[in-house]
Amino acid sequence: MPRVLLTAFEPYDRWKDNASWQALVELTNWYDGPAQLVTRRYPVDLSEMSHRLREDLHQGFDLAIHLGQAPGSAVVRLESVGLNLRSDGTPLIPNAPEAYRTALPLDAVADALNAAGIPGRVSHHAGTFLCNAALYLSQHYGQSFGMSTQSVFVHLPLTPAQVAADSQDFASMSSQLSAAAIAMTIARLTERVA
């Protein structure tokens, strides 16, 4: 049975909840799929997140799926590239590769999501904040320590409750639908790593 590290983030800034964590919790309420899931909630702090991620990856996983919320996005975004870049323009890790691109079949995952009526797209830029950092560091640690773990980052839309509590009109997706998207992602990707 493939082992999957599934991570999400805690709330930050004006968001009292985080859609990634809400979807992860929803998923664990009913998931009985083809993988053993180990879940983590990371702080919105680069140093602490990096430390915890490194420790977690040393436990040995076939797949690491990192989740985050993307205010304004109307689709599930499957991030293919992690950049060695902080929001201030400096590298996450000096003298390390500029980027890592996942070898996972994200187009097939997006196709499966869309066929199921869940809007999904492959994205090639996870931003320059913690979402990108989680993807880049997960890939970098895997390479640096000779791990077989393959990594991907999935951006989820805000939940309807988050949008209702905010003053801006953002797109949203229910935690139930986001959790279904995660389950489908796990199913497709564990076929590849099993």
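The values are calculated or read from the model by the stated rules, or taken from the named source; none is laboratory data. Worth saying up front: this structure is predicted, and the values here are computed from it rather than measured. Glycine gets a Cβ as well: all are built from the backbone with ideal geometry, and neighbour counts include every protein chain shown. Note: accessible area is taken over every heavy atom of the protein model, side chains too, but ligands, DNA and RNA are not part of it. Shrake-Rupley method; radii C 1.70, N 1.55, O 1.52, S 1.80 Å.
Below are the figures for this structure:
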read-out	value
Matching residues in the stretch 155-182 - criterion: being within 16 Å of H66 (Cβ to Cβ) and touching an Asp or Glu at 6+ places or on another chain (Cβ under 7 Å)	H155, A179
Failed condition for H155, given (1) at pLDDT below 95; (2) touching a strand residue (DSSP E or B) at 6+ places or on another chain (Cβ under 6 Å); (3) closer than 22 Å to E26 by Cβ; (4) not small (G, A, S)	(1)
Subset of the stretch 1-13 that is farther than 14 Å from L158 by Cα and in contact (Cβ under 8 Å) with a residue 60 or more places away in the chain - its residue that is most open to solvent (accessible area, probe 1.4 Å)	R3
Exclusive hit being more than 20 Å from H51 (Cβ to Cβ), touching a residue at least 40 places away in the same chain (Cβ under 8 Å) and either touching a strand residue (DSSP E or B) at 6+ places or on another chain (Cβ under 7 Å) or not charged (D, E, K, R) (or both), set A134, A116, A99	A116
Verdict on A180 being open to solvent by 70 Å² or more (accessible area, probe 1.4 Å) and of a type in the set (A, V, I, L, M, F, W, C)	no
Entirely in the stretch 1-117, the helices (runs of 4 or more DSSP H) that have 1 or more residues that are within 22 Å of S144 (Cα to Cα)	46-57
Some residue of the stretch 138-147 being under 21 Å from W21 (Cα atoms), in contact (Cβ under 8 Å) with a residue 40 or more places away in the chain and either in contact with a Phe, Trp or Tyr (Cβ under 7 Å, 6 or more places away or on another chain) or open to solvent by less than 30 Å² (accessible area, probe 1.4 Å) (or both)	yes
Top-ranked residue in the stretch 81-124 [being of a type in the set (K, R) and under 14 Å from V152 (Cβ atoms); ranked as surrounded by the fewest Cβ atoms within 10 Å (Cβ to Cβ)]	R101
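So that you can scan it fast, the table gives a plain yes or no per residue for (1) of a type outside the set (D, E, K, R); (2) surrounded by 17 or more Cβ atoms within 10 Å (Cβ to Cβ); (3) over 18 Å from A64 (Cα atoms); (4) free of Cβ contacts under 8 Å to residues at least 12 places away in the same chain:
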position: W15; (1), (2), (3), (4): yes, yes, yes, no
position: S20; (1), (2), (3), (4): yes, yes, no, no
position: A23; (1), (2), (3), (4): yes, yes, no, no
position: L27; (1), (2), (3), (4): yes, yes, no, no
position: A35; (1), (2), (3), (4): yes, yes, no, no
position: R41; (1), (2), (3), (4): no, no, no, no
position: S47; (1), (2), (3), (4): yes, no, yes, yes
position: H51; (1), (2), (3), (4): yes, no, no, yes
